[in-house]
Amino acid sequence: MIALYQPRDSLLHRLHPVTKLAISFGLIALALGAGIDWAPLLAYALILIPLSALGDVARPFLRISLRLVLPFVISLFIIQSLFFPEGQTILARAGPLSIKAEGVRFAFAAAARILLIIGALLLTLLTTHPGMLMLGLTQKGLPPTLAYVIVTTLQIVPLMRERASLIIDAQRARGLETEGSLFKRIRALLPLTGPLVLGALVDVEERTLALEARAFSAHGPRTSLLDLRDPAPERVLRWLIAVTALGLIGVRLIEALR
């Protein structure tokens with residue numbers, strides 16, 4: 001199981017995994033540090049969507065990112081537009097509730113940031129094999145334990161979702177009703193939760209045995225059958241992204257301290 005990874009022969013897939021991580025973290029810094037509300041949305045449209053097309057993963061990228069973001073966006077707009085504490089400008093009123101312009105603006109800015117953050121990480125997951133990502137991080141000097149934690153964290157949600165889908169299909173084959181009214185859906189959660197938790201615990205044990213069999217905790221220099229190419233233009237690009245991200249964060253911190 002390699003979760004969200006989509007095997008393709010594209011320029012984006014051939015980039016060094018650390019380069020793709022740098023692009024993702026640079027976009028996350030832009031999402032958090034941009035002082036303009038629509039800047040993250042513009043970056044999503046002008047950077048992430050063309051990159052997903054370049055990597056031939058535009059369709060799964062758009063489908064998954066919208067499915068992940070849409071529930072947050074809907075709840076965010078409902079809560080912030082109706083209950084924003086600093087709202088003064090009323091756009092519409094329905095009985096005791098009123099939609100405030102300040103809440104709508106805050107919800108839009110937060111939704112754009114969430115969309116860019118999720119999209120940046122999702123594009124990396126779609127175009128980078130987890131094994132190559134871990135290899136790239138360890139070859140750059142990151143401790144193998146920390147590299148494994150990062151890779152596992154990025155993969156845990158897709159893996160749990162895939163495992164839950166398999167369990168639901170198995171329960172349906174045994175006659176369990178998982179669709180219909182809200183009560184039936186809630187009642188189907190208990191047969192799903194047990195196997196999901198037990199499967200996760202078994203998976204942890206299997207991963208531990210597999211890592212120990214590969215001398216994961218051994219000390220000393222390590223060798224690999226694969227040697228990832230890291231050309232000079234990619235290294236320059238990573239440094240430019242790092243300097244730009246730090247500069248953007250520094251500007252925002254200075255503005256916050258004023």
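Legend: residues 212, 162, sorted from most to least accessible area (1.4 Å probe; ligands, DNA and RNA excluded), read 212, 162. For residue 91, nonlocal amide neighbours, meaning residues 5 or more places apart or on other chains whose placed amide H falls under 5 Å from its own, are 99, 100, 101.
Taking a point 7 Å from the Cα of residue 8 along the Cα-to-Cβ direction, the residues of segment 117-134 with backbone N closer than 19 Å to it are 117-133.
Computed extension gain for residue 236 through residue 204, at 0.36 nm per residue and net of the alpha carbon distance, reaches 7.7 nm. Solvent-accessible surface of the chain, taken per residue with a 1.4 Å probe and all protein chains present: 63 Å².
Hydrodynamic estimate: the Kirkwood radius of segment 1-69 over Cα pairs, inserted into Stokes-Einstein at 4 °C and 1.567 mPa s, corresponds to D of 98 µm²/s. Accessible surface of residue 89, taken over heavy atoms with a 1.4 Å probe and every protein chain present, rounds to 70 Å². Of all the C-alpha pairs in the chain, what % are more than 31 Å from each other? Pairs farther apart than 31 Å: 42 percent. Using a ≥ b ≥ c from the Cα gyration tensor of segment 101-181 (square roots of the eigenvalues), is it rounded, prolate or oblate, where a/c under 1.5 gives rounded and otherwise the larger of a/b and b/c decides, a/b for prolate? Taking the square roots of the gyration eigenvalues as a ≥ b ≥ c, segment 101-181 is oblate. For segment 1-118, just say rounded, prolate or oblate: build the C-alpha gyration tensor, square-root its eigenvalues into a ≥ b ≥ c, call rounded for a/c under 1.5, and beyond that prolate if a/b exceeds b/c, oblate if not. Prolate.
On the basis of the beta-carbon distance and an R0 of 30 Å, residue 38 and residue 149 show a calculated FRET efficiency of 0.30. Across the chain, Cα pairs under 8 Å and at least six residues apart give a relative contact order of 29 percent. Net charge in the neighbourhood of residue 28 (other residues with Cβ under 15 Å of its Cβ; Lys, Arg +1, Asp, Glu -1) is +4. Taking chymotrypsin sites (Phe, Trp or Tyr not before Pro) that fall in a DSSP loop and have at most 15 other Cβ atoms within 10 Å as cut points, what is the longest piece of the chain between them? The answer is 39-215. So which residue, out of 22, 170, 34, gets the largest mean-square fluctuation from a GNM of the chain using Cα contacts under 10 Å as springs? In the Gaussian network model the winner is 170.
Measuring between their Cα centroids, segment 19-38 and segment 110-150 lie 14 Å from each other.
The values are calculated or read from the model by the stated rules, or taken from the named source; none is laboratory data. Everything numeric in this text was worked out from a predicted model, so none of it was measured. Cβ sites come from the backbone with ideal geometry, for glycine too, and all protein chains shown count toward neighbours. Ligands, DNA and RNA are stripped out before the accessible areas are found, and what is left, the full protein with its side chains, is counted by its heavy atoms. Shrake-Rupley method; radii C 1.70, N 1.55, O 1.52, S 1.80 Å.
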